[in-house]
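One structure is given here, and the rest of the page talks about it.
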């Protein structure tokens, strides 16, 4: 089961900006510290947008902590951490179609933002492209190339699926809040497609350490799929 770490808002704010700055420096960035910290604060503003119930700062923190949990599997830990920062920087829950395909996170646009901002912070082109490629890979949780760093990022992003059942339910409730404007049946159809796609992956987790989360995640997803089918059947009978 994926490890859960809970931190207070003050603890989060005290380490996130310096953590981003260390990752930029570790990736080869040459910009002055005040410019790097300003970029981190801009990213945190994005992650703090009011429409983000699940895909907010707490998700970013959780993802960074799971990356560190898997860090011995990485080749370039700083690049993976930066990819975590940018992976959901651009978010749009406005359309049900977007949810059905992306879950609201726009990986393509987020990758372009990473290319622009990290290049502006003096990060070498090869490292910038590595970050952007990892972000783009999350669109289908694919792992291009040798895949080790991308596998860690993907597994860390999916770690929530291996939570204990109570936390998994909280995750589902927060995701639903982001799409409260979408009719229930449309939402269930979109969510069913996502859950089905996840269950079709074999394995779900591709890093050696992440594979220990497989059983719990599949149990959670299977239980969710059963619940969705039951709710959709009840909805159909009611109409």
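We did not get these values from a lab; they are worked out from the coordinates using the rules stated. Quantities reported herein were computed from a predicted structural model and do not represent experimental measurements. Note that we place each Cβ from the backbone using ideal geometry, even for glycine, and neighbour counts take in every protein chain shown.
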Using 0.36 nm times the number of residues separating residue 71 and residue 222, minus their current alpha carbon distance, what extension gain do you get? 51.5 nm
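So how do 82, 188 line up by other beta-carbon neighbours within 10 Å, fewest first? Write down the numbers at each step before the final one.
On the way: 82 29, 188 18.
With the fewest neighbours first, 82, 188 line up as 188, 82.
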May I ask you to compute the full-extension gain from residue 148 to residue 180, defined as 0.36 nm times their residue separation minus their alpha-carbon distance, rounded to one decimal in nm? 7.9 nm
Span from the segment 50-65 Cα centroid across to the segment 157-203 one, whole angstrom: 15
Mean separation of Cα contacts under 8 Å, 6 or more apart, over the residue count of segment 9-238: relative contact order %: 21
Classify the chain from the C-alpha gyration tensor, please: rounded if a/c falls under 1.5, else prolate or oblate depending on whether a/b exceeds b/c. prolate
How do 66, 59, 185 rank when sorted from fewest to most other Cβ atoms within 10 Å of their own Cβ? 185, 59, 66
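On a full-extension model of 0.36 nm per residue, what is the gain between residue 22 and residue 108, subtracting their alpha-carbon distance, rounded to one decimal in nm?
Taking 0.36 nm per residue and subtracting the Cα distance, the gain is 28.5 nm.
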Taking the chain as a Gaussian network, where each spring joins two C-alpha atoms under 10 Å apart, which residue of 200, 53, 163 fluctuates the most? 200
Taking R0 as 22 Å, what FRET efficiency do you get between residue 119 and residue 35 from their Cβ-Cβ distance, rounded to the nearest 0.05? 0.95
Quick one: if the Förster radius is 35 Å, what FRET efficiency do residue 230 and residue 49 give, using the C-beta to C-beta distance and rounding to 0.05? 0.60
